[in-house]
């Protein structure tokens, strides 16, 4: 291996950690620094192809979603499973439809480009939401943290499904949509439940003499869950999320140690993911997509997301301050950009433009919404105080 590559890699990792100090002081999400580092690298080096980037991003996103599932507090999440499930399925689909309709009828996008834009932007981002909530150490009232974590962790598979379906239409592939959706969900869920359950029993019964091997085993289980699901036509992201929940919700030896370790793994994957995405970004395209990106971002933040959240949360008797916060917490980020790289890989004529628009929308969402999320939670009186924790 070229020693210069290891030198550059070491410098990148150190700079990524140092960037966290700067972004946190300025109230920005950590991932902003990672993206900027990626953009700088992309301007000076050319060593990541689109196809390789897609593979790297899928790999990183898989571990981020798995860790999110593994660290989900199921006892806290149980009371909000109903509303979270609605946000995941109905909320994602409604958001996709609203964004697609806005892009097609108002902005004049090509129909298929509009549908794909809606699909890739439909999910809130697990990496962004987990990063903001954890970095600010927000403990929210009425299980709002659990609502957001479950929504962002589980709606990526829905957005992925929508992207795959419309991508097939755009490339002229003949597919049976209901059958594809059924297979993806059933196999993905079955793989997650089965491997998660068997994996938990294996970890608890092996009695390994070297404690560090438990983390290696858990990594292997995550990879196996994703790989088997994909191999049989299932949704790999859904599988690892469910598998993570199953593994983390029951009794597990060294669970606290594994959770801490996988927090580090997830952070490393976030650094890798956002740097690679930053490398793909072409700064020269900024002014080309800026206007459309700004209009779409404003529409999503102030119209589409609030409308969807009010429609879903109001029947559950949520207060307006809670609805306002959940609406503002609908960050778009890594998953949307990752899904937009599928368009680049497929070679669609409008792929670069859509990628640029999505990148702009996500960057604006992370900077604007992410930087104000903690302040808004406090202003709306939704943060649990130290006295209330006791």
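The values are calculated or read from the model by the stated rules, or taken from the named source; none is laboratory data. Since this is a predicted model, take the numbers as computed values, not measurements. Note that we place each Cβ from the backbone using ideal geometry, even for glycine, and neighbour counts take in every protein chain shown.
Details
- Qualifying residue in segment 170-180 (condition: crowded, with 18+ Cβ neighbours inside 10 Å and under 28 Å from residue 75 (Cβ atoms)): no
- Residue within segment 287-309 that is outside any helix (DSSP H, G or I), within 21 Å of the chain's Cα centre (by Cα) and surrounded by 22 or more Cβ atoms within 10 Å (Cβ to Cβ) present: no
- Here segment 30-51 is the region considered, the condition is being at pLDDT 75 or above and not in a helix (DSSP H, G or I), and the residue that is surrounded by the fewest Cβ atoms within 10 Å (Cβ to Cβ) is 49.
- Among the residues here, residue 343 does not qualify as more than 21 Å from the chain's Cα centre (by Cα) and either crowded, with 24+ Cβ neighbours inside 10 Å or farther than 28 Å from residue 33 by Cα (or both).
- Of all residues making up segment 93-125, the number that are within 22 Å of residue 309 (Cβ to Cβ) and in a helix (DSSP H, G or I): 16
- Residue 152 being under 26 Å from residue 321 (Cβ atoms), at pLDDT below 95 and either assigned to a helix (DSSP H, G or I) or touching a helix residue (DSSP H, G or I) at 6+ places or on another chain (Cβ under 6 Å) (or both): yes
Yes/no per residue for (1) more than 20 Å from residue 74 (Cα to Cα); (2) in contact (Cβ under 8 Å) with a residue 60 or more places away in the chain; (3) in contact with a helix residue (DSSP H, G or I) (Cβ under 7 Å, 6 or more places away or on another chain):
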position: 265; (1), (2), (3): yes, yes, yes
position: 286; (1), (2), (3): yes, yes, no
position: 289; (1), (2), (3): yes, yes, yes
position: 299; (1), (2), (3): yes, yes, yes
position: 306; (1), (2), (3): yes, no, yes
position: 317; (1), (2), (3): yes, no, no
position: 321; (1), (2), (3): yes, yes, no
position: 332; (1), (2), (3): yes, yes, yes
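- Selection of segment 229-261 for residues being more than 19 Å from residue 75 (Cβ to Cβ) and either crowded, with 19+ Cβ neighbours inside 10 Å or without any contact (Cβ under 8 Å) to a residue 12 or more places away in the chain (or both) yields 229, 230, 231, 234, 235, 236, 237, 238, 239, 240, 260.
- Taking the criterion of being touching a strand residue (DSSP E or B) at 6+ places or on another chain (Cβ under 8 Å) and either crowded, with 16+ Cβ neighbours inside 10 Å or assigned to a helix (DSSP H, G or I) (or both), the residues of segment 375-384 that qualify are 377, 382, 383.
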